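Trainee: Okay, handing you the structure first.
The values are calculated or read from the model by the stated rules, or taken from the named source; none is laboratory data. Keep in mind that what you see is a predicted model, and the values were worked out from it rather than measured. With ideal geometry, Cβ positions are generated from the backbone for all residues, glycine too; neighbour counts draw on all protein chains shown. Accessible surface is based on the protein model in full, side chains and every heavy atom, while ligands, DNA and RNA are left aside. Shrake-Rupley method; radii C 1.70, N 1.55, O 1.52, S 1.80 Å.
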Amino acid sequence: MRFRGKFFFPILMTLSLFLIIRYNYIVSDDPPLRQEFPGRRAASSRDEVTYSVKTPSKKTKRLFHTAVTATDSVYSTWQCRVMYYWYNRFRDEPGSDMGGYTRILHSGRPDGLMDEIPTFVADPLPSGVDKGYVVLNRPWAFVQWLQQAHIEEDYILMAEPDHIIVKPIPNLARGNLAAAFPFFYIEPKKYESVLRKFFPKENGPISRIDPIGNSPVIVTKNALMKIAPTWMNVSLAMKNDPQTDKAFGWVLEMYAYAVSSALHGVSNILHKDFMIQPPWDTETKNTFIIHYTYGCDFDMKGKMMVGKIGEWRFDKRSYGSKPPPRNLPLPPQGVPESVVTLVTMVNEATANIPNWES
């Protein structure tokens, strides 16, 4: 089935069910990452539309609402607490267009953070629909939140629990253009034959699909309300197509958002400095967000140990059943500044968050 136009696509029989069905959610937050993925490539054919981030001059605020999807697992919970701590630190600083904040909890039931972090409880997909790929719950959770919540801001920043805000974030979107981080491994041209199942030729050249995921993205609320149902349906359709599922693997939902944004005519200003991903990105000076998705492994001389457990390490996956302890040891001399900053900021957050369990 092909996807056309700007409307809600009824692609699966199960879609009619999950307006009423709740089910017990099995937590498996992160698909495994391949160690050989660096943070980003130095040059690409899209360099001409990739810009460094600059704080805009403006007379009036264009506030955006920060929305973070999460589960109730320990693994997700401690990351959310750290993320929310740094959001609060920078929200009201000069240069910030950061408005409200919502953790979109797609476990279907309240948890222990309801009084600490503003939270919207969304239903997960019906049992078995995600086929073990729990990220599919993200677009469905956004659909529910956008339909049911009162959101005062006109823009939305979609973020993730493993994002640390390192300085005030301005609204980087412009008019009808959203703002997004370009991922080197999202390659629409390479997978054109697969993507044409969901983005037919009559929708335009494949280059209209930007190399993005849904996060980090700053987009107007009105545009996201149109994109989200399509994003949900495209994600499910891709997962149920064996060729597409095999081609995209753990980044399938990212491709689904990129396709859905293009289907609705929402292009993105690509900000290469929106986010960094240590240890591959080594400096924080121009960025707004640290995304600590990759493990940081080094020997005691500061040399990176790729594909090995380091003599010194910080890897969020080491803390799946309990949060990291307070006062993590800092990396040895010679380790990139971005890694030092990451661990220092985690330590500051955990030192100041009440009832942090080590």
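Trainee: Could you tell me which of the residues Glu202, Glu253, Glu187 is over 25 Å from Tyr294 (Cβ atoms) and of a type in the set (D, E, K, R)?
Mentor: Checking each option against the conditions leaves just Glu202.
Trainee: Suppose the filter is touching a residue at least 60 places away in the same chain (Cβ under 8 Å), in a loop (DSSP other than H, G, I, E, B) and not assigned by the TED database to the domain that holds Ser96; does Pro329 pass it?
Mentor: Taking the combined requirement at face value, the residue does not satisfy it.
Trainee: Would you be able to tell me the number of residues in the range 179-203 that are without any contact (Cβ under 8 Å) to a residue 24 or more places away in the chain and farther than 23 Å from Lys239 by Cα?
Mentor: 0
Trainee: I'd like to verify a number: residues in the range 270-325 that are assigned to a loop (DSSP other than H, G, I, E, B), farther than 27 Å from Asp210 by Cβ and not small (Gly, Ala, Ser), how many?
Mentor: Final tally of qualifying residues: 14.
Trainee: I'm trying to understand the selection: among the residues of the range 321-339, which are open to solvent by 40 Å² or more (accessible area, probe 1.4 Å) and of a type outside the set (Ser, Thr, Tyr)?
Mentor: Lys322, Pro325, Arg326, Asn327, Pro329, Leu330, Gln333, Gly334, Glu337
Trainee: Quick one: count up the residues across the range 258-300 that are among the charged types (D, E, K, R) and touching a Ser or Thr at 6+ places or on another chain (Cβ under 7 Å).
Mentor: Selection size over the range 258-300: 4.
Trainee: For the range 104-181, which fully contained strands (runs of 3 or more DSSP E) count at least 1 residues that are β-branched (Val, Ile, Thr) and closer than 22 Å to Val74 by Cα?
Mentor: Strands (runs of 3 or more DSSP E) meeting the threshold: 119-121, 163-165.
Trainee: For the range 157-173, indicate whether the set of residues that are out of contact with any helix residue (DSSP H, G or I) (no Cβ under 7 Å at 6 or more places or on another chain) and surrounded by fewer than 16 Cβ atoms within 10 Å (Cβ to Cβ) is non-empty.
Mentor: The answer is no, given that none of the residues of the range 157-173 is out of contact with any helix residue (DSSP H, G or I) (no Cβ under 7 Å at 6 or more places or on another chain) and surrounded by fewer than 16 Cβ atoms within 10 Å (Cβ to Cβ).
Trainee: Give the range 253-275 a look and list any residue that's over 24 Å from Gln147 (Cα atoms) and open to solvent by less than 10 Å² (accessible area, probe 1.4 Å), or say none.
Mentor: Leu270, Phe274, Met275
Trainee: Does Asn203 qualify as being surrounded by fewer than 21 Cβ atoms within 10 Å (Cβ to Cβ), within 13 Å of Leu136 (Cα to Cα) and not charged (D, E, K, R)?
Mentor: So Asn203 does not fit the description; no.
Trainee: So which of Val143, Val121, Val135 ends up being touching a residue at least 24 places away in the same chain (Cβ under 8 Å) and open to solvent by 10 Å² or more (accessible area, probe 1.4 Å)?
Mentor: Sole residue among the options that is touching a residue at least 24 places away in the same chain (Cβ under 8 Å) and open to solvent by 10 Å² or more (accessible area, probe 1.4 Å): Val135.
Trainee: Across the range 218-252, which residue is most open to solvent (accessible area, probe 1.4 Å) among those that are closer than 30 Å to Ser96 by Cβ and outside any helix (DSSP H, G or I)?
Mentor: If we take residues in the range 218-252 being closer than 30 Å to Ser96 by Cβ and outside any helix (DSSP H, G or I), then Thr220 is most open to solvent (accessible area, probe 1.4 Å).
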